[in-house]
Amino acid sequence: MRALSARAILLFVLLPVMVIGIVACDGDDDDTYRIGVMESLTGPGETYGTVSNQAKQLAVDEINAAGGIDGKMLELVVEDSKCNAQDAITAYNKLTDVDDIKIILGTSCSGAMLGAAPLAEADGVIMFSGLATNPDIAEAGDYIFRTSLNDAQLGVDMGNTMWDDGVRSIASIAESTDYAEGVRSASTDRFLELGGTVEAEESFPSDTTDFRSQLTKLLATDADALLVAAQAEFTGGTIVKQARELGYEGPIYGDIVVVGTTALEVAGDAATGVKAIITDLDPNNTKATEVVNNFRSKYDYVTLQWYLGSAYDDVYITAECLKQTKDDQDADGMRDCLYDITWSGTIGENYSFDEKGEVVGLSNVVIEVLPVSERNDDNQGYKVLGPAPII
Amino acid sequence: MATNTPETTEEGRRPGLIPRLANGNVELWANLIVLVWVIAFVLWQGVGFAITIGTVFAIWAILAVSLNLVIGFTGLLSVAHIGFFGIGAYSVAILTSKTDYSLLRTEGIPTYELPFFAALPVGIALAGLTALVVGVVFNRFRDDVFVLVSFGFAIISFNLFLNARAITRGAFGIHDVARPVIGTRVLDGELEFLVMALVCLALVSALAWFIVTSSFGRVLTAIREDEQAASVFGYQVTHYKLAIWVISAMMAAVAGGLFSSWTSFIDPNSFILLESILLVSIVILGGLATIWGSLLGAMTFVLLEEGMRFIPFLPDVYVGQARQVVLGVMLVLLMLFRPQGLLGRYRL
């Protein structure tokens, strides 16, 4: 038995040594530009991270099929940052120390971004995210960029929309994540600024599935509207469904999560009429339609279309800058290029980056969820009412 | 807790290294393999990434050694450790953070800007005090019920970190946690930080070794084997259990302080129950009631987890998921063939 145990140890502990041992050292290939990718491939942000990663791979495949960047191929080195600071740091160090990467696309989670960003800033490594929305990232440094609109802008647009609709008091419920709390906080700040009142606020941890007691408390305040901020689509849909089951007939406002594909499936007809502030692809943008169709053909599904487009555009923007710098080790050149560039792509026309690396030139739109009978893949279950009002 | 003692020491004169290896001496093989593994990893992947891995190892190892005092030596299966780890991390983060939160557009908290070495003792003391208070209650429970109440503590801790927004900023997290300063030298280099983390690990391991080899440690072992018998012999078992519980919590807070200083940003996602369960897995993987086993377990876990980043034959999109699956399968197989862990003499 003892000998068997020894063999077991050998098998299960030595095996990884052998696996690592057979890894061929990639080395630097002069015919390839190597770009790092850090996404949440597992953990709470897995849905966003996977879509983002796949969209990037789609863009890279297209670029390489078209002959690469002035003849040089583009290669992604992907690492899982798992949506938390510690794993983001180990992923970052692996990319920079082992793979000698200077340009990283990602991350998809704000917590992971905020964990690795100080290192990137200190090392002079570019971090370029298409999904992280926490407003704090604006202050993360000179090498940190993103094409995602931050929660503060979403909050302003949400506050303005509610006020514009005649809402003067709200009750809110938010998932306890940086994203959802950020959306709620920014929205209520703007709403209060405009003269509105917040009757009651509730928060819940991510694993909650029954919101009836919190909703009962919120609905008892007779606020003009209910504001829902969630991180997970299932959660957002469940809250809407349970609010309607409790007899609430007033307006419900939310973010993109509350009107996502899964959320609408969960809520069913209860979601009809829900208004949300989202970033959405322009249906008149042929590039956007083409990218979504290509994504669907390659992966047999489509979700989170705007974020998909954002991640896709990040690769093309990076490729454009590589054309100028001609060096994947030149992070300073990439930084300068990003500050100067104006881009038209999947998520919008003529957008650029401000002095904090924040995207400018993109805006949110207000949408309203359609009845179940009118929902389909093309309209994604809602109609766009127009750009968010400016007050 | 059922125990098993598969003795591996030889009767009479101890044979040499090669015969012992040839005879399938598991402990020796495990040590040798992990050592070779570490060297191979450093050689293949470079010193830079090895420093990162070393720091992650040091933090997990401090946690594993401290938890082994409670689980392995005293027989209290606890998943509460992540809470004490979090208390240490948040104490250091809150007391040392230099960010002017009024400039950020999210939640603000007061800042104190204390140095790391002033904040760490506060975190250790706070974790100890918390452990003392909850320990008085926990002392009433044993076995399965103890697991459940420790589970409750882990959940409560996480929710406190998440919802006490006036102190912790909740989900927004705390930025700019200070690096340690010794004299005028800021330990902002990765290598310097690794050295300090290893020094902390050495101190914690030495203290743990001192405890388990003392008469105090022998009483703990007696409690694990038969609490009633220890009590009959006149030992105040509740006092002993409470003492080791508090010491262990304070050690976990050291790891927490190091963790938040190293990452420079923390949010509640780092203190979820899953991390606690992984920690228990590390302790069992390395072996119960062996300090060296905890070090070996932590190293094996970190090398497994991070080594998976280098699997060459998987498409990038599956690498993340594959790491989780392979790690899980290997832990299951190891438990199947070696339930007492790599170096353990006891099993749950």
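Just so it is clear, none of the values below were taken in a lab; they were calculated from the coordinates. Computed from a predicted model, the values in this text were never measured in an experiment. So basically every Cβ, Gly included, is an ideal-geometry build from the backbone, and we count neighbours across all protein chains shown.
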Within segment B:51-81, find all residues whose amide N lies under 13 Å from a label point positioned 7 Å from the Cα of B:LEU191 along Cα-to-beta-carbon.
B:51-52
With chain A treated as a Gaussian network of Cα nodes joined by springs under 10 Å, which of A:ASP142, A:ASP377, A:ASP189 yields the largest mean-square fluctuation?
A:ASP377
Of A:LYS298/A:LYS323; A:LYS102/A:LYS298; A:LYS323/B:LYS98; A:LYS217/A:LYS356; A:LYS72/A:LYS298; A:LYS94/B:LYS241, which sit over 31 Å apart, Cα to Cα?
A:LYS323/B:LYS98; A:LYS217/A:LYS356; A:LYS94/B:LYS241
So, in nm, how far is label B:ALA202 from label A:GLU245 when the simple model puts each one 7 Å beyond its Cα toward the Cβ?
6.0
Using the Cα centre as the reference, give the magnitude of the dipole from point charges on the C-beta atoms of segment A:210-355 (Lys, Arg: +1; Asp, Glu: -1; all else neutral), rounded to the nearest 20 debye.
620
Virtual spin-label span in nm between B:ILE167 and A:ALA66, 7 Å along Cα→Cβ
5.5
Cα gyration tensor shape for chain B, rounded if a/c is under 1.5, else prolate or oblate:
oblate
If you bin every alpha carbon distance in chain A into 20 Å steps from zero, what whole percent lands in each bin?
27, 52, 18, 2
Share of alpha-carbon pairs per 5 Å distance bin for segment A:95-148, given as whole %:
5, 23, 37, 24, 9, 2, 0
Assuming R0 = 56 Å, what is the FRET efficiency of A:ASP30 and A:ASP165, from their Cβ-Cβ distance, to the nearest 0.05?
0.45
Per-residue Cβ counts within 10 Å, from other chains only, averaged over B:168-176: what number is that?
6
Give the percent of DSSP beta bridges with both residues in chain A that are antiparallel, rounded to the nearest 5.
30
Let me know the mean shielding of A:51-59 by other chains, meaning the per-residue number of their Cβ atoms within 10 Å of its Cβ.
1
What Kirkwood hydrodynamic radius do you get for the protein assembly as shown when you take the inverse of the mean 1/r over all pairs of distinct Cα atoms, in Å?
27.2
If R0 is 41 Å, what FRET efficiency do you get for A:LYS383 and B:ALA118 from their C-beta distance, rounded to 0.05?
0.10
Taking GluC sites (Glu not before Pro) as exposed when in a DSSP loop with at most 14 other Cβ atoms inside 10 Å, chain A has its longest clean stretch at A:1-248
When you look at the Cβ of every residue in B:331-337, what mean number of other chain Cβ atoms sits within 10 Å?
3
Hey, in the GNM for chain A with a 10 angstrom Cα cutoff, which one of A:SER81, A:SER176, A:SER52 fluctuates hardest?
A:SER176
Once the dipole of the protein assembly as shown is set up from charges on Cβ (+1 Lys and Arg, -1 Asp and Glu), the residue from the list B:SER66, A:MET73, A:GLN231 lying farthest towards its positive end is B:SER66
Taking segment B:93-156, which trypsin sites (Lys or Arg not before Pro) meet the DSSP loop condition and have no more than 15 other C-beta atoms within 10 Å?
B:LYS98, B:ARG140, B:ARG142
Enumerate the calculated ³J(HN,Hα) couplings along segment A:176-186 in order (Karplus 6.51 cos²θ - 1.76 cosθ + 1.60, θ = phi - 60°), each rounded to whole Hz, writing x wherever the residue is Gly or Pro.
7, 10, 4, 5, 5, 5, x, 4, 4, 4, 5
Expressed as a whole percent, how much of the Cα-Cα distance distribution for segment B:100-162 exceeds 16 Å?
65
Net charge dipole size for chain B [Lys, Arg +1 and Asp, Glu -1 on Cβ; Debye, nearest 20]
300
